[in-house]
Amino acid sequence: MAEDPIIRIRGLRNQFGAQVVHEDLDLDLWRGEVVGVVGGSGTGKSVLLRTIAGLRRPQAGSIEIFGKDALGCTDDERRAIDLRMGVMFQDGALFSSLTVRENVEVPLQAVPGLTPTLRHELADLKISLSGLPWFAGDKYPSELSGGMRKRAGLARAIALDPEVVFLDEPTAGLDPIGATAFDVLIRQLADSLGLTVFLVTHDLDTLHAACDRIAVLAERKVLVTGSMADMLHVDHPWVREYFHGPRSRAAIEATTRTA
Amino acid sequence: MAHFAFEVREAGADAPRALALRGALTVQTLTRLETLLAGQPAGTATVLDLSGVEHMDTAGAWSLVRFAGRGQGVRLQGLSPRLQSLLDAVRDAMPRPDPPAPAPYGLREFLEGTGRRVASAGQLAVELSAYLGVFLARLGRAVRHPSEFRMTSLVHHCQDVGWRAVPIVALMGFLIGVVLAFQGSVQLRQFGAEVFVVELIAISILRELGILLTAIIVAGRTASAFTAAIGSMKMREEIDAMRTLGIDPAMVLFVPRILALLITLPILALIANIAGFVGGALMAWAELGISPGMFYVRLTDQISIDHAIVGFSKAPVFAVIIGVIGCHAGMRVESNTESLGRMTSAAVVAAIFAVIAADALFSVFYARVGL
């Protein structure tokens, strides 16, 4: 790929007290790709996501987003970067006192000159794009199922048509049918809206169905990146166990059957 | 960055109207785009030339799709393949509104709303008496089966509800005594009846103010604490978990709390009364020169024990009111955080209101009885 990466991370170091989570971590994200980050519990997948999304300051290293230094920039520049990114949290993190439509309207309020009617109708479009039925817009988050809350969280994350979307465990806690539908949705949105997606997951099916590239976090850094097929040839105990386990085989068989 | 321009080419009678758009069709330029498209004459054949569009997001695509759906004569052309696929995706996802449910309006809505509010007020009264019944039933069960009763829990709540409230209640009582003595002395001095300030302080504190203000402070402190504690357990499904484990939430949660109130509220009222007398005596001494000894003698000689009986007889009623309202509001918390806050403040308002209303009924009752 000739162009520069949309996100470039170099020498990242994250530390909680004496516990070092990331050290010398390098990762590139290219425009238009869906990257799945996997790793054992405690390897700092969510910490990495929060660091890139600007919710946590790393102890060392550099993060370049859209070609700008995301750590050394002013607050205004950081805000401009944030407007081009969307984050979906694990359980949606919807504002519980607002309806789903009002939740999606919150980021749209940052756009100057948008009338309430337009905002309202755009929110309806995002709700529909994320695969929610019409009536969901008037519901409060507590009245929705877990899967619908995740979709609503995604609708809010894509409200401003961001270039990069971060998804934290998009299919955790969903039943297999709901999880598969969500994988399809991520793939569809990434293709049709040209989104770059950074997703943290444990779900091998998601890695198969939705991701172009997989990044494995182990030993405090990104151990290896590559396609699903590449992962099968990696000689590392954790990677081997993860991608050669019975669940992984089932997921590979399932995708080859449907393909 | 978000530049946007357009050009209208009026064609001859045989060719359709052409409108060329250039630049970015994004949420940033949406308002301008919408204004432009809304200004186009309806029903005329229009060709939108989009070959100059460099950037488009879902908002721009949505606007175009809506415009295209307005009339038969609208054609979109020249969009780059990448943006065309975005446009198609948005067209497929255009929201399809459900038919709206018929909403009541006008007089009917007013009557319906009033009816609903009256019904829900009646429902609330029924529920509160049901909770009172549950509390009494479980209390009776605890007497018959003492092993089911949670003694540790009761002691814990007594400390929380009673012991921790002593400083604020004592301070409040003291200040009430000071205020009564001061105001009383100013008024009574006009008649040369300063010495009656003792009766004024004693009767008003014993009969009304001591217990009422204590109950109000406890309602603010404790009803909210009950609602918050029980409500957050309800939110995290702990109460459902108790039920599945065969534990009765009423026995575990309500009985110790309300019983703790029943025990501690009279004690708190007594503390408030004594603090009130101390405050009143000090102020009477400073303002009117009534010595504490004199104050004490008048207090014991002139004030009938009836006043204290009237005052303390209200304490258990107030305690049950506060406890039942607090527990009931806690159980009405739903699974969202907002309802927890709403029910907590509702519990405080309801408890204070109910205490004052009950006090008014007591006043009428004791006046009729002649106590």
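The values are calculated or read from the model by the stated rules, or taken from the named source; none is laboratory data. Model, not experiment: these values are computed from the prediction. Ideal geometry is used to build each Cβ from the backbone, glycine not excepted, and the neighbour counts take in all protein chains shown.
Numbers at a glance
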read-out: Those helices (runs of 4 or more DSSP H) lying entirely in the stretch B:168-287 with at least 2 residues free of Cβ contacts under 8 Å to residues at least 40 places away in the same chain; value: B:238-244
read-out: Checklist (1) more than 21 Å from B:Met56 (Cβ to Cβ); (2) more than 9 Å from chain B (Cβ to nearest Cβ) applied to A:Ala155, failing item; value: (1)
read-out: Test: residue in the stretch B:330-338 that is in a helix (DSSP H, G or I), farther than 20 Å from B:Thr264 by Cβ and not acidic (Asp, Glu); value: yes
read-out: Single match in B:Asp98, B:Asp92 (criterion: in contact with a Phe, Trp or Tyr (Cβ under 6 Å, 6 or more places away or on another chain), of a type outside the set (Gly, Ala, Ser) and without any contact (Cβ under 8 Å) to a residue 12 or more places away in the chain); value: B:Asp98
read-out: Complete set of residues in the stretch B:299-337 that are of a type in the set (Ser, Thr, Tyr) and touching a helix residue (DSSP H, G or I) at 6+ places or on another chain (Cβ under 6 Å); value: B:Ser335
read-out: Test set (1) surrounded by 24 or more Cβ atoms within 10 Å (Cβ to Cβ); (2) modelled with pLDDT of 95 or more - B:Ala284 fails condition number; value: (2)
read-out: Among (1) within 14 Å of chain B (Cβ to nearest Cβ); (2) more than 30 Å from A:Ile127 (Cα to Cα); (3) not small (Gly, Ala, Ser), the one test that A:Arg31 misses; value: (2)
read-out: Criterion (more than 14 Å from every other protein chain (Cβ to nearest Cβ), assigned to a helix (DSSP H, G or I) and in contact with a Pro (Cβ under 6 Å, 6 or more places away or on another chain)) met by exactly one of B:Leu154, B:Leu124; value: B:Leu154
read-out: Scope the stretch B:306-326; condition buried (at least 22 other Cβ atoms within 10 Å of the Cβ) and over 20 Å from B:Ser204 (Cα atoms); matching residues; value: B:Ala319, B:Ile321, B:Ile322, B:Gly323, B:Val324, B:Ile325, B:Gly326
read-out: Selection count where residues are closer than 27 Å to A:Thr201 by Cα and within 12 Å of chain B (Cβ to nearest Cβ), scope the stretch A:102-114; value: 2
read-out: Condition met for A:Gly137 (touching a helix residue (DSSP H, G or I) at 6+ places or on another chain (Cβ under 9 Å) and farther than 24 Å from A:Leu29 by Cα); value: yes
read-out: Flag for A:Val184 being aliphatic (A, V, I, L, M) and within 21 Å of A:Ser46 (Cα to Cα); value: no
read-out: Strands (runs of 3 or more DSSP E) lying entirely in the stretch B:6-88 (those with 1 or more residues that are within 12 Å of chain A (Cβ to nearest Cβ) and modelled with pLDDT of 80 or more); value: B:17-25, B:46-56
read-out: Members of the stretch A:201-216 found to be over 28 Å from B:Met56 (Cα atoms) and touching a helix residue (DSSP H, G or I) at 6+ places or on another chain (Cβ under 8 Å), listed by number; value: A:Thr201, A:Asp203, A:Leu204, A:Asp205, A:Thr206, A:Leu207, A:His208, A:Ile214, A:Val216
read-out: Matching residues in the stretch B:157-167 - criterion: being of a type outside the set (Asp, Glu) and part of a helix (DSSP H, G or I); value: B:His157, B:Cys158, B:Gln159, B:Val161, B:Trp163, B:Arg164, B:Ala165, B:Val166, B:Pro167
read-out: Elements of type strands (runs of 3 or more DSSP E) in the stretch A:5-87, at least 2 residues being modelled with pLDDT of 85 or more and surrounded by fewer than 21 Cβ atoms within 10 Å (Cβ to Cβ); value: A:7-16, A:19-29, A:60-65
read-out: Residue that is surrounded by the most Cβ atoms within 10 Å (Cβ to Cβ) [pool: residues in the stretch A:179-222 that are among the small types (Gly, Ala, Ser) and away from chain B (no Cβ under 14 Å)]; value: A:Ala210
read-out: Yes/no for B:Ala93 being within 14 Å of chain A (Cβ to nearest Cβ) and surrounded by fewer than 10 Cβ atoms within 10 Å (Cβ to Cβ); value: no
read-out: Odd one out for B:Tyr105 among (1) in contact with a Phe, Trp or Tyr (Cβ under 6 Å, 6 or more places away or on another chain); (2) of a type in the set (Ser, Thr, Tyr); (3) modelled with pLDDT under 80; value: (1)
read-out: Hey, B:Leu188 of a type in the set (A, V, I, L, M, F, W, C), surrounded by fewer than 19 Cβ atoms within 10 Å (Cβ to Cβ) and at pLDDT below 95 or not; value: yes
read-out: B:Val297 vs. criteria farther than 15 Å from B:Phe182 by Cα, surrounded by fewer than 22 Cβ atoms within 10 Å (Cβ to Cβ) and modelled with pLDDT of 95 or more; value: no
read-out: Of all residues making up the stretch A:115-128, the number that are at the interface with chain B (Cβ under 8 Å from one of its Cβ atoms), in a helix (DSSP H, G or I) and either over 20 Å from the mean Cα position of the chain (by Cα) or among the basic types (Lys, Arg) (or both); value: 6
read-out: Single residue of A:Leu83, A:Leu71, A:Leu55, A:Leu49 found to be within 12 Å of chain B (Cβ to nearest Cβ) and of a type in the set (A, V, I, L, M, F, W, C); value: A:Leu83
read-out: B:Ala241 vs. criteria out of contact with any Ser or Thr (no Cβ under 8 Å at 6 or more places or on another chain), under 19 Å from B:Ile352 (Cα atoms) and not aromatic (Phe, Trp, Tyr); value: no
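A quick yes/no check of all residues on (1) polar (S, T, N, Q); (2) more than 21 Å from the chain's Cα centre (by Cα); (3) within 8 Å of chain B (Cβ to nearest Cβ); (4) crowded, with 21+ Cβ neighbours inside 10 Å:
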site: A:Ser130; (1), (2), (3), (4): yes, no, no, yes
site: A:Leu144; (1), (2), (3), (4): no, yes, no, no
site: A:Pro162; (1), (2), (3), (4): no, no, no, no
site: A:Leu167; (1), (2), (3), (4): no, no, no, yes
site: A:Ile177; (1), (2), (3), (4): no, no, no, no
